[in-house]
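A.B. asks: First the structure, then my questions, so here it is.
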Amino acid sequence: MFLDKAKHLIENAVEQFSIIESDPSEYLIRFYNGKVTIAAVNRSTYLQMLITKGKKKVFKVITDMQSLESGVEDALKTLEAVEEGEVPEVYPKTTYSALEISDKELAVEEALNKVIDSMKNVYNVGVDRVSGIAKLYKTTYHLLTSTGNEKVETRTDYIYYVRAFKGNGSGFGNSVSTTIKHFDPASATAEAAEYAVKAESSKSIHEGKYTVILSPPIAASIFELVAGMCSAYSIDVGFSFLKDKLGETVAPKELNITDYGQIYDGVNSRSFDDEGAPTGITKLIEGGRFVSVIHNSTTAKKWRAKTTGNAGIIDPSPWNITVDGGDAENDEMLKEIKEGVFITNNWYTRFNNYRTGEFSTIIRDAAFYIKNGEIMYPVANIRLSDSLPRLLSSIKMISKNTKWIKWWGEVVTPVRSPYIMVEETTLTVP
Amino acid sequence: MLEEDLAHFAVQQSSKMGFEYSEARVQRDTIISINLNNGMPDVPIKGELYGIGIRVIYKGAMGFSSTNVLTRESVLDVLENLKRTLEGITATKENEKIKMSEEDILTANWSVDERRRFEDINLDWFLKKSKELDDVAKNEEKIKQRLIRLSGSLELKYFVNSEGTMIKSRIPRYLFTAFITAYDSSDIAQRFIEIGGSGGPEVLDRLKTHEKFTEEIKTITKIVGKRRSIKEGVYNVIVGPEVAGIMAHESIGHPFEADRVRGREGAQGGESYLRDIKSNKIGSAEANISDDPTIPFSYGYFLFDEEGVKARKKELVKGGSVKELLHNRETAGELGIKSNASARASNYSVEPIIRMSNTFVEPGDWTFEEIVKEVKDGVFINSFMEWNIDDRRLNQRYVGFEAYKISNSEISEPVKGVIIETTTLNLWSKLYARSKELEFSAATCGKGDPEQGVPVWTGGPYLLFKDLNLKVR
């Protein structure tokens with residue numbers, strides 16, 4: 001193991017270290033119009049190293065394993081040169097319990113066959129073309145710390161997302177799992193195709209305020225932003241509207257957002273963080289109140305709190321975000337709406353101001369105009385332009401069913417999200 | 001040092017294994033980055049990505065493989081795995097046969113000029129320089145939060161393909177970014193600033209980083225709390241080079257990537273309006289937009305692309321009409337034309353795809369003063385914060401950060417939250433005049449899955465749009 005060699009090279013020269021060796025194997029297939037555009041196989045070994053001495057600290061990532069000694073030597077030289085300041089604390093001796101949520105081996109052939117099979121009937125429903133990607137990972141993580149912690153764990157992740165196109169309409173589907181058993185590209189492809197067909201021949205709507213139903217992909221993108229803004233670092237540097245709001249009500253009492261270090265189908269699961277702290281379950285929004293800030297050891301010290309096991313050496317961040325389902329059926333939500341829009345996906349979210357939470361995002365893929373509780377016709381060329389605090393406080397209904405979302409565009413940290421109904425949401429058109 | 005022999009080994013083995021085409025890129029990216037959070041350094045980060053990326057064509061299908069275990073055994077292992085995967089695909093699906101364009105066989109060894117080499121710059125320099133820049137803002141009473149980042153990188157590459165092309169290159173780059181929050185009793189203003197280029201550390205002085213950041217800080221403190229809303233409506237609008245640049249990048253550069261037009265990015269960045277428009281006309285005769293990787297010291301600088309094709313300037317839109325798309329060898333091969341060297345890869349572990357370099361609106365022949373004089377009553381938007389565009393690159397929005405009313409042909413009071421929200425064809429059809437200046441901003445452009453951020457410049461002169469609808473946030 002490279003990690004043992006690195007440990008040997010640094011242990012007498014530093015006071016603290018946390019080293020993680022990871023060796024992701026990646027299989028990837030991208031396709032367009034049912035044809036594979038590229039297949040890729042990638043194998044890597046990475047070593048990341050936090051080292052501290054006195055009040056000095058350095059974080060180094062090494063990929064040149066043939067020159068590991070000179071890489072470590074460079075890190076030690078840098079450590080001597082850096083300015084003194086606050087140093088992260090490597091977590092004391094502890095035990096980790098890695099949940100059995102992955103496959104023993106990555107089922108590459110079965111997964112790729114599932115993806116290819118999902119295409120078989122998609123053109124029968126009338127779509128023009130289909131574009132997507134499947135990414136399969138098997139990664140072993142090996143942790144070693146100066147405090148005597150050691151842990152090895154292996155994870156498998158299966159990620160697939162797809163878009164189907166029909167005329168100017170399009171639909172989106174997503175399947176995310178830690179096991180081949182739950183990996184379901186067929187449903188994702190079918191959902192994308194169904195939405196694409198329904199979204200053909202879209203009309204315009206007038207700019208204004210609408211009651212909207214946000215499907216899991218767009219709701220997940222909103223909740224990912226909110227969870228990220230629960231990071232102490234984000235709050236400190238101005239990237240959060242939640243500054244000075246700890247303990248305050250920011251959403252209706254039905255809203256609960258939780259971060260899980262490990263969870264079934266959470267494809268960013270690990271039992272330890274970058275400082276060797278055990279990951280856990282952190283309630284961020286509970287009963288509509290902002291109840292916890294996410295910490296690493298540095299932000300915890302500044303805030304006089306305890307680490308939540310979310311390091312990120314600089315910026316602590318969530319692992320897998322879940323939003324509890326509510327008590328509404330999807331049809332009930334629809335029936336409540338006199339005039340509104342049902343939105344299936346979004347893309348390209350940008351903030352005008354993180355402190356006030358003002359942002360806009362492009363409505364992507366299928367969206368439908370709702371009148372008197374019924375879906376009337378597809379709509380397009382819309383932008384949701386609002387603020388996060390207002391959106392959160394205007395959630396009126398939450399669906400029972402939830403779905404894991406992770407895809408390239410807007411949901412990078414996995415989020416298990418319900419459908420939500422939000423009142424008075426501003427939609428603009430060019 | 002790069003394992004050049006291993007690149008040759010990978011290409012030789014690929015030929016033996018029956019791949020019709022292969023290329024190998026050994027690439028080492030070294031990165032140093034330091035943050036100052038209200039003057040206090042975060043953990044300094046040193047990192048490197050070093051490995052080999054191999055792209056092949058097998059039975060007409062494209063495959064890519066990478067590893068950072070730089071041994072012959074490891075290269076053989078990934079190639080064999082890749083061949084098995086490609087066998088599976090080509091056996092079960094009738095796949096598109098990829099044909100690369102015919103290109104010259106080249107040998108080159110090129111590098112960016114640097115007065116001080118990257119290897120000779122230590123962390124102390126980064127700390128000292130970032131503190132100098134932080135000093136510009138730290139005593140400003142209204143500025144409550146400052147996140148300053150100074151980073152440097154060195155990209156070393158050795159490229160070889162089965163046709164005999166061999167290119168070696170060295171590109172050092174430096175980037176200064178700042179995220180500033182200013183408060184007034186009635187207003188919170190936030191601003192991102194990015195200044196960067198390729199070269200030695202002296203490139204930051206060449207780009208007048210200190211002077212530009214000082215000017216930005218003055219502006220932020222001047223306008224926070226003073227910005228007032230205006231009525232929504234139709235205005236004559238002047239935009240500054242930063243806004244001109246993002247418009248060119250988003251609404252012309254991206255949709256002119258030929259892989260998007262073809263649909264290859266359909267599930268990610270999306271497709272392009274060029275699939276649907278009936279005419280080549282994009283805008284008024286003033287719409288002239290280019291992409292040029294050969295601008296010395298630019299952030300998006302390169303002389304040969306990641307397929308070994310010699311780089312050149314591309315005129316994307318000329319006199320308001322489509323002139324040329326951005327091509328790699330795959331899209332050019334499909335059309336039977338030559339590539340214009342637009343293939344880039346952000347590191348060894350990802351395939352080269354079609355990318356912009358330095359995308360900009362060409363300067364015109366007006367002075368800035370003449371342009372302002374042309375506008376009796378209007379709005380001047382010099383910089384932006386929020387922006388986005390749809391995945392066909394038609395429906396776009398730019399929200400002004402530093403913006404002013406123009407009254408009686410004079411730039412007057414600052415305005416808040418003014419929004420250009422329009423379509424690409426409408427925007428460029430309203431372009432009336434371009435100034436003589438040409439200024440650039442640094443940015444990291446994202447595309448592809450796996451996500452590839454590549455350094456680019458966006459830029460242009462001051463632009464005058466006549467009768468543009470403005471909204472207000």
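A.B. asks: On the basis of being free of Cβ contacts under 8 Å to residues at least 60 places away in the same chain, in contact with a Lys or Arg (Cβ under 9 Å, 6 or more places away or on another chain) and not aromatic (Phe, Trp, Tyr), does A:THR178 make the cut?
C.D. replies: For A:THR178, the condition - free of Cβ contacts under 8 Å to residues at least 60 places away in the same chain, in contact with a Lys or Arg (Cβ under 9 Å, 6 or more places away or on another chain) and not aromatic (Phe, Trp, Tyr) - is not met.
A.B. asks: Counting only residues that are within 20 Å of B:ILE217 (Cα to Cα) and of a type in the set (A, V, I, L, M, F, W, C), which one in segment B:366-409 is surrounded by the fewest Cβ atoms within 10 Å (Cβ to Cβ)?
C.D. replies: Checked segment B:366-409; the qualifying residue surrounded by the fewest Cβ atoms within 10 Å (Cβ to Cβ) is B:MET385.
A.B. asks: Do you know which residues across segment A:318-341 are part of a loop (DSSP other than H, G, I, E, B) and either buried (at least 21 other Cβ atoms within 10 Å of the Cβ) or touching a strand residue (DSSP E or B) at 6+ places or on another chain (Cβ under 6 Å) (or both)?
C.D. replies: A:PRO318, A:TRP319, A:GLY325, A:GLY326, A:ILE337 - these are the residues of segment A:318-341 that are part of a loop (DSSP other than H, G, I, E, B) and either buried (at least 21 other Cβ atoms within 10 Å of the Cβ) or touching a strand residue (DSSP E or B) at 6+ places or on another chain (Cβ under 6 Å) (or both).
A.B. asks: Return yes when A:GLU224 is out of contact with any Gly (no Cβ under 8 Å at 6 or more places or on another chain), of a type in the set (Asp, Glu) and outside the structural domain of A:THR147 (by TED's automatic domain parsing) and no when it is not.
C.D. replies: In short, yes.
A.B. asks: For B:GLY63, are the conditions met, namely being crowded, with 19+ Cβ neighbours inside 10 Å and either among the small types (Gly, Ala, Ser) or in contact with a helix residue (DSSP H, G or I) (Cβ under 9 Å, 6 or more places away or on another chain) (or both)?
C.D. replies: Answer is yes for this residue.
A.B. asks: So, one more: Can you find a residue in segment B:77-100 that is touching a Gly at 6+ places or on another chain (Cβ under 6 Å), crowded, with 23+ Cβ neighbours inside 10 Å and at the interface with chain A (Cβ under 7 Å from one of its Cβ atoms)?
C.D. replies: yes
A.B. asks: Let me ask another. Determine if segment A:21-41 includes at least one residue that is under 30 Å from A:LYS306 (Cα atoms), among the aliphatic types (A, V, I, L, M) and either in contact with a helix residue (DSSP H, G or I) (Cβ under 9 Å, 6 or more places away or on another chain) or modelled with pLDDT of 95 or more (or both).
C.D. replies: No: zero hits.
So that you can scan it fast, the table gives a plain yes or no per residue for (1) under 30 Å from the mean Cα position of the chain (by Cα); (2) hydroxyl-bearing (Ser, Thr, Tyr); (3) within 13 Å of chain B (Cβ to nearest Cβ):
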position: A:SER67; (1), (2), (3): no, yes, yes
position: A:VAL72; (1), (2), (3): no, no, yes
position: A:THR78; (1), (2), (3): no, yes, yes
position: A:GLU86; (1), (2), (3): yes, no, yes
position: A:GLU89; (1), (2), (3): yes, no, yes
position: A:THR95; (1), (2), (3): yes, yes, no
position: A:SER102; (1), (2), (3): yes, yes, no
position: A:VAL108; (1), (2), (3): yes, no, yes
position: A:VAL125; (1), (2), (3): no, no, no
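A.B. asks: Right, next: Considering only segment A:141-152, I want to know if a residue exists there that is of a type outside the set (A, V, I, L, M), in contact with a Leu (Cβ under 8 Å, 6 or more places away or on another chain), in contact (Cβ under 8 Å) with a residue 24 or more places away in the chain and within 18 Å of A:VAL412 (Cα to Cα).
C.D. replies: no
A.B. asks: Among the residues of segment A:157-166, is there at least one that is surrounded by 23 or more Cβ atoms within 10 Å (Cβ to Cβ), away from chain B (no Cβ under 14 Å) and in a strand (DSSP E or B)?
C.D. replies: Scanning segment A:157-166 turns up at least one residue that is surrounded by 23 or more Cβ atoms within 10 Å (Cβ to Cβ), away from chain B (no Cβ under 14 Å) and in a strand (DSSP E or B).
A.B. asks: Let me ask something additional. Considering only residues that are assigned to a loop (DSSP other than H, G, I, E, B) and touching a residue at least 40 places away in the same chain (Cβ under 8 Å), which ones fall in segment B:182-206?
C.D. replies: B:SER185, B:GLY199, B:GLY200, B:PRO201, B:GLU202
A.B. asks: What are the residues in segment A:371-425 that are basic (Lys, Arg), closer than 18 Å to A:PHE359 by Cα and surrounded by fewer than 18 Cβ atoms within 10 Å (Cβ to Cβ), if any?
C.D. replies: Of everything in segment A:371-425, just one residue is basic (Lys, Arg), closer than 18 Å to A:PHE359 by Cα and surrounded by fewer than 18 Cβ atoms within 10 Å (Cβ to Cβ), namely A:ARG390.
A.B. asks: Related question: Can you go through A:ALA251, A:ALA277 and tell me which one is among the hydrophobic types (A, V, I, L, M, F, W, C), more than 17 Å from A:ALA232 (Cα to Cα) and over 15 Å from the mean Cα position of the chain (by Cα)?
C.D. replies: A:ALA251
A.B. asks: Another question, then. Name, by its number, the condition in (1) of a type in the set (Gly, Ala, Ser); (2) more than 7 Å from chain A (Cβ to nearest Cβ); (3) in a strand (DSSP E or B); (4) surrounded by 23 or more Cβ atoms within 10 Å (Cβ to Cβ) that does not hold for B:ALA10.
C.D. replies: (3)
A.B. asks: Let me ask something additional. Which of the residues spanning segment B:112-136 are surrounded by fewer than 19 Cβ atoms within 10 Å (Cβ to Cβ), touching a residue at least 60 places away in the same chain (Cβ under 8 Å) and away from every other protein chain (no Cβ under 11 Å)?
C.D. replies: B:ASP113, B:ARG115, B:ARG116, B:ARG117, B:GLU132
A.B. asks: Considering only segment B:48-71, I want to know if a residue exists there that is free of Cβ contacts under 8 Å to residues at least 60 places away in the same chain, closer than 21 Å to B:PRO172 by Cα and at the interface with another protein chain (Cβ under 10 Å from one of its Cβ atoms).
C.D. replies: yes
A.B. asks: What are the residues in segment A:39-61 that are buried (at least 22 other Cβ atoms within 10 Å of the Cβ), facing chain B (nearest Cβ under 8 Å) and without any contact (Cβ under 8 Å) to a residue 60 or more places away in the chain, if any?
C.D. replies: A:ALA39, A:ALA40, A:VAL41, A:ASN42, A:LYS57, A:VAL58, A:LYS60
A.B. asks: For B:MET385, indicate whether it is under 27 Å from B:ALA178 (Cα atoms), in a loop (DSSP other than H, G, I, E, B) and not polar (S, T, N, Q).
C.D. replies: Criteria not met by B:MET385.
A.B. asks: Another question, if that's okay. Would you mind telling me which numbered condition in (1) of a type in the set (A, V, I, L, M); (2) within 27 Å of A:VAL293 (Cα to Cα); (3) surrounded by fewer than 21 Cβ atoms within 10 Å (Cβ to Cβ) A:LEU214 fails?
C.D. replies: (3)
A.B. asks: Follow-up question, since we're still on this one. Just to be sure, is A:GLU194 away from every other protein chain (no Cβ under 14 Å), touching a Gly at 6+ places or on another chain (Cβ under 9 Å), among the charged types (D, E, K, R) and touching a residue at least 12 places away in the same chain (Cβ under 8 Å)?
C.D. replies: Yes: the conditions hold for A:GLU194.
A.B. asks: Here are some conditions: (1) within 11 Å of chain B (Cβ to nearest Cβ); (2) touching a strand residue (DSSP E or B) at 6+ places or on another chain (Cβ under 9 Å); (3) within 30 Å of B:GLU73 (Cα to Cα). A:GLY34 meets all but one. Which one does it not meet?
C.D. replies: Here A:GLY34 clears every test but (3).
A.B. asks: For segment A:49-81, how many residues are in contact with a Phe, Trp or Tyr (Cβ under 7 Å, 6 or more places away or on another chain) and assigned to a strand (DSSP E or B)?
C.D. replies: Residues in segment A:49-81 being in contact with a Phe, Trp or Tyr (Cβ under 7 Å, 6 or more places away or on another chain) and assigned to a strand (DSSP E or B): 4 in total.
The values are calculated or read from the model by the stated rules, or taken from the named source; none is laboratory data. These figures come from a predicted structure and were not determined experimentally. Virtual Cβ from ideal backbone geometry, glycine too; neighbours counted across all protein chains shown.
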